[in-house]
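Visitor: Next up is a structure, given as structure tokens.
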Amino acid sequence: MVSAGLSRRVEKVVGYPPLSENPDLQRREFHEALLEAGGFEDLPEKWQAAIVTAEQNRPELRVVRGD
């Protein structure tokens with residue numbers, strides 16, 4: 001079950017475009033926030049939510065073994 005706090009964070013960014021589509025200035029701001037943060041919880045809330053959304057929208061990948 002998803003926590004209420006996580007649900008609120010995600011609801012704020014449902015309409016955000018993927019991080020890769022952010023303008024240069026926003027990508028630079030995100031990069032600087034990552035460099036300054038000691039962990040996920042130290043990131044500004046908007047970037048935490050953007051990361052969670054990006055993770056939920058990434059494609060499912062399969063490992064294909066060539067045995």
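The values are calculated or read from the model by the stated rules, or taken from the named source; none is laboratory data. If you're wondering where the values come from, they're calculated on a predicted model, not measured in any experiment. SASA here: full protein model, heavy atoms, side chains in, ligands and nucleic acids out. Shrake-Rupley method; radii C 1.70, N 1.55, O 1.52, S 1.80 Å.
Visitor: Can you put V64, V52 in order of accessible area, largest first, using a 1.4 Å probe? Let's see the in-between values first.
Guide: Numbers: V64 110, V52 20 Å².
The ranking, largest first, comes out as V64, V52.
Visitor: With every protein chain in place, what's the accessible area of D42 (1.4 Å probe, Å², nearest 10)?
Guide: Solvent-accessible area, nearest 10 Å²: 100 Å².
Visitor: Now for a separate question. Determine the gain in length on full extension of the stretch R27-N57; use 0.36 nm per residue of separation and subtract their C-alpha separation, reporting nm with one decimal. Walk me through the numbers before you get to the answer.
Guide: Details: separation 30, 0.36 × 30 = 10.80 nm, distance 1.84 nm.
Taking R27 through N57 to full extension adds about 9.0 nm, to one decimal.
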